[in-house]
Amino acid sequence: MFSITSSTTVGIEAVPVTVETDVSNGMNQFTIVGLPDASIKESRDRIRAAIKNTGFPFPRGRITVNLAPADLRKQGPLYDLPIALSILATRGEIPLHTLENTVVLGELALDGSIRPVRGVLTTARMAQRIQKKIMFVPKENEQEAAVINDLAVYGVSSLRTLIDHLLHRITITKTMYVRREQKTEEQMCFSFIKGQDFAKRGLEIAAAGGHNILLSGPPGTGKTLLARSFPSILPPLTEEESMEVTSIASVAGELASSDGLIETRPFRSPHHSSSAVSLVGGGTWPTPGEISLAHRGVLFLDELPEFPRHVLEHLRGPLEDGVVTISRAQATVKFPARFLLIAAMNPCPCGYASDPKRRCVCTSFQRQNYEKRVSGPLLDRFDLRIEVANLSKEILLSEVHSETSVSIRERIVRARKKQADRFFDSACRLNAEISPARIEQVCAMTPSAKALLSLAIDSQSLSPRATSRIRKVARTIADLAESESIEEHHLAEALQFRGQRLQQD
Ligand SMILES: [Zn+2]
C-alpha cells in the first residue's frame, strides 16, 4: 500500500487527507472509497485516461483507493493527481521516497495535463502547519501556494512533467513568489468629487471605525460615485488580513492564475437580482458568498430596497457577528464575513421625495411600501445615514479642489492605530465591533455628552441597540479628533449622522 498527503478545505481551513492505494490480484476493478461524492466517481475516468495518455499502461487487478479520514466530506477533482501518482507508485513507476514530506493536489484532464483547483492557499497553509516541505500544485495555482514561506512549491502542467521530475529526468524550477502590482490607479480620489462635504465626512468616520453607512437621495446625486470612491480612503490590508482575504477568494475559486496575495481591500457590489446563496454563501458544497468575499473590505448594495427582503434578512446575523454559518447535514461550515456595508437608496420609488426642485409623484401608499422593503432591524444597523443632495450650480462650476483621499486616509490610519492599541487584548479591531460588555469602559463620555445622549434617547425614542451604535460612532469621531473621552460635540456629530428615521412624514 502506498499513501500520499492531500487536503480538503472546510470553511477556509484545510485539513490533511491521506490518499491510500492498494493493488491486489483479482478481477480488474478500480474503486475509490471514503465518502467520495459524484465528482470523485467521475475522476476515475479522468485518472484512467490521463495515465494511459501519459504513456503508462493502466494497472491490472483490483485497485482500491481510500481517502482518509472517511468521515470527512471531500470535494471535487483535486484528488486526481495524488490518486494517479499513488497508482503509478504502487507499480514502481515512481520511487516511493520522492513523495515523502509532500502535499499534492490537482485535477487531471484526459490528456494528462493538470488543471487548476480551489483552495490551494489554504492547503499550503496546512502543509506548513503539519511541517511538510514540498508541494506539487497545478501550474496556474503556483503563485497562491508560493505565498507561504518554508515550502518548496512546484507548479506542474502535466502528469508527464511531474513524473519526469520525480525520476530526475528533468528539473521543474521551484516557484518564486512574485508580488503582483496592486491596482491603485483604478481607485477614484475624493478630490474628484465636488461638494458633498457632509457625505465625505460620514464616509471618513465609517472608514475609521468600520461603521455601516446608508446613502439616500435622488438619482444622479453621486451616491454610487461616493461609494465607489470609498476604497481610496481605506488603509491597506495587514499581512494577516491579506491572508484571510486571499484564502476566501481561493476557496471561492475567484483567484486569477497570476494572483498571489490580495493586498487591496475587497469591494463587492452584487446586483439586486443576486440569490441569497450567492450573497451569503451556501450550495451543496458550501462556498463563500459575496459577504465573505467582502471580508475586511466593503459590501456595496446599490438600490437597497430592490433586494428581496428575505435575502437582506440574511445579512443581519453576519453584520453582528462578522461570520456566516452555513448548516449542512454533515457539517456546519463557517466563513468569515467582517465587512463594512454601504447601501444606497432613493428616498421613494420615483426618486424625488427629498428633492426640493422636483415633485415626487409617488402616492403615500407607494412610499410606505417602498420603505417597508427594508426591515427596521436592518435599517437599525446603519450607523451613519446620509442624505445626498443635488449640488448647487455654484459648487458644480467651482474650481476648488477638495482634500485628496491620500490625506484623508492618513487621519483614518491614525484613528485605526488608536483602536488597535485599545483593543490589543481582544479579537475586536474597530470601534464598530465593540462588544456590549466593553462599551461602558471604552466609550466613556463627559457629563455633558452623557446629558445630550439622554436627551436624544427621550426625544427620538432610541432603542438600546441604536444608543450603543451612536456611542461607538462618537468613539470613532473622538478618535479622529485624537481625544481620549467622548465630548459633547463628538456625540452631537454622531447623532447628526444617525439622522431621523428615514422619511417619517
Ligand atoms: Zn417619489
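Every residue, every condition in (1) within 12 Å of the chain's Cα centre (by Cα); (2) under 16 Å from V324 (Cα atoms); (3) among the aliphatic types (A, V, I, L, M), yes or no:
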position	(1), (2), (3)
E263	no, no, no
H272	no, no, no
G281	yes, yes, no
E290	yes, yes, no
A294	yes, yes, yes
* Write out, first by first residue and then by second, each pair whose Cβ atoms fall under 6 Å of each other, whose residues are 6+ apart or on separate chains, and whose first residue, in segment 349-364, is near the ligand (Cβ under 6 Å from one of its atoms) while the second is assigned to a loop (DSSP other than H, G, I, E, B) and among the polar types (S, T, N, Q). => none
* Specify the residue that is surrounded by the fewest Cβ atoms within 10 Å (Cβ to Cβ); the eligible residues are those in segment 365-378 that are in a helix (DSSP H, G or I) and more than 10 Å from the ligand (Cβ to nearest atom). => F365
* Structure fact -> Checked segment 275-292 for anything open to solvent by less than 20 Å² (accessible area, probe 1.4 Å) and either assigned by TED's automatic domain parsing to the domain that holds V117 or assigned to a helix (DSSP H, G or I) (or both); matches are L279, V280, I291, S292
* Asked: Right, R409: under 24 Å from E487 (Cβ atoms) and among the charged types (D, E, K, R) or not?
  -> no
* Asked: Considering only segment 256-312, how many residues are over 20 Å from L203 (Cβ atoms) and in contact with a His (Cβ under 6 Å, 6 or more places away or on another chain)?
  -> 4
* To do: Return only the number of the condition from (1) open to solvent by 10 Å² or more (accessible area, probe 1.4 Å); (2) at pLDDT 95 or above; (3) assigned to a helix (DSSP H, G or I) that A127 does not satisfy.
  => (1)
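Within segment 61-89, which residues are of a type in the set (S, T, N, Q), surrounded by 20 or more Cβ atoms within 10 Å (Cβ to Cβ) and over 20 Å from P286 (Cα atoms)? I'd like the intermediate steps shown before the answer.
Here is the first cut: in segment 61-89, the ones of a type in the set (S, T, N, Q) are 64, 66, 75, 86.
Pick out the ones that are also surrounded by 20 or more Cβ atoms within 10 Å (Cβ to Cβ) and you get 75, 86.
S86 - this is the single residue of segment 61-89 that is of a type in the set (S, T, N, Q), surrounded by 20 or more Cβ atoms within 10 Å (Cβ to Cβ) and over 20 Å from P286 (Cα atoms).
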* To do: May I ask you to verify whether S426 is among the small types (G, A, S) and assigned to a loop (DSSP other than H, G, I, E, B)?
  => yes
* If you scan segment 155-165, which residues turn out to be open to solvent by 40 Å² or more (accessible area, probe 1.4 Å) and either outside any helix (DSSP H, G or I) or in the same structural domain as S257 (by TED's automatic domain parsing) (or both)? -> S157
* Qualifying positions in segment 384-441 - touching a residue at least 12 places away in the same chain (Cβ under 8 Å), open to solvent by less than 90 Å² (accessible area, probe 1.4 Å) and of a type in the set (D, E) -> E403, E433
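Of the residues A389, A444, only one is at pLDDT 90 or above and over 25 Å from the mean Cα position of the chain (by Cα); which? Step through it out loud before you land on a result.
Details: A389 fails: at pLDDT 90 or above.
After applying the criteria, what remains is A444.
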* Asked: Within segment 314-348, which residues are open to solvent by 30 Å² or more (accessible area, probe 1.4 Å) and within 16 Å of the ligand (Cβ to nearest atom)?
  -> N346
* To do: List the number of the failed condition for F58; all other conditions in (1) open to solvent by 70 Å² or more (accessible area, probe 1.4 Å); (2) over 31 Å from the mean Cα position of the chain (by Cα) hold.
  => (1)
* Answer yes or no: is there a residue in segment 466-481 that is within 24 Å of F339 (Cβ to Cβ), at pLDDT below 90 and not aromatic (F, W, Y). => yes
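Determine whether segment 146-153 contains at least one residue that is under 27 Å from T246 (Cα atoms), acidic (D, E) and in a helix (DSSP H, G or I). Can you show your working first?
Filtering segment 146-153 for residues under 27 Å from T246 (Cα atoms) gives 146-153.
Narrowing further to those that are acidic (D, E): 150.
The next check asks that each one be in a helix (DSSP H, G or I); those that pass are none.
No, that holds for no residue.
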* So which of S485, S461 is surrounded by fewer than 15 Cβ atoms within 10 Å (Cβ to Cβ), at pLDDT below 95 and on the phi > 0 side of the Ramachandran plot? -> S461
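The values are calculated or read from the model by the stated rules, or taken from the named source; none is laboratory data. What you are looking at is a predicted structure, and each value in this text was computed from that prediction instead of being measured. Neighbour counts are summed over all protein chains in view; Cβ atoms, including those assigned to glycine, are modelled from backbone coordinates with ideal geometry. Areas reflect the complete protein model, heavy atoms only, side chains present, ligands, DNA and RNA absent. Shrake-Rupley method; radii C 1.70, N 1.55, O 1.52, S 1.80 Å.
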